[in-house]
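Below is one structure; the comments refer to it alone.
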Amino acid sequence: MDRLTARGTRRRSLAVIVAALALPRRALAQPIMNLAPGIDARTINTPQGALQSILKGAKMRRGRVRLELPSVADNGHSVPMTVSVDSPMSEADHVRRIDLVSQKNPVPLMATFFLGPHMGRAEIESRVRLNGTQRVTAVAQLSDGSFWFDTADIAVNESACLDGG
């Protein structure tokens, strides 16, 4: 009888541990930004503040990045998007990261994708949530430290993010 109870206790303990590890970790899904000197933490939740935290004083240039969004989305809960960057993706010349910044979402920095020379091409396909009609900006940082961007305007008929997050 003691052996069966011990086995049942171990199984229940293991099930609790597995269940705890499977819970969503909202904190892990939030963007992690290192503020550049002189950036007020209160402005980080603005599109300009998000861009400042990415650029850290560097200039960004238009070109080399192509952001594709539909011009109209019936609802903003799952909008397809593609970002591609003109890069050979070699050891000497590659894309380090791509950031997506939203003009109207509660958290402007929607996503950050880290890339490297091991990627065959610099292209990201995903879906994003959008809180209404707005402009989305894609910023790519290249291995030489330069920043390139593209923007896309989208009309959203039914907004997402109405729950504040």
Report task. Answer yes if at least one residue in segment 150-157 is touching a helix residue (DSSP H, G or I) at 6+ places or on another chain (Cβ under 8 Å) and within 20 Å of P47 (Cβ to Cβ), and no otherwise. Result -> no
Query raised in the report: Does at least one position in segment 116-123 carry a residue that is under 15 Å from the mean Cα position of the chain (by Cα), among the acidic types (D, E) and open to solvent by less than 50 Å² (accessible area, probe 1.4 Å)?
Result: no
Query raised in the report: Applying the selection to segment 71-115, what residues are more than 30 Å from N157 (Cα to Cα), of a type in the set (D, E, K, R) and over 13 Å from the mean Cα position of the chain (by Cα)?
Result: D86, E91, D93, R96
Report task. Return only the number of the condition from (1) surrounded by 14 or more Cβ atoms within 10 Å (Cβ to Cβ); (2) under 17 Å from V72 (Cα atoms) that A140 does not satisfy. Result -> (2)
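The values are calculated or read from the model by the stated rules, or taken from the named source; none is laboratory data. In this text the structure is predicted, and so the values were computed from the model without any measurement. A quick note on method: Cβ atoms are made from the backbone with ideal geometry, for glycine too, and the neighbour counts reach across all protein chains shown. Just so you know, the surface numbers come from the protein's heavy atoms only, side chains and all, with ligands and any DNA or RNA stripped out. Shrake-Rupley method; radii C 1.70, N 1.55, O 1.52, S 1.80 Å.
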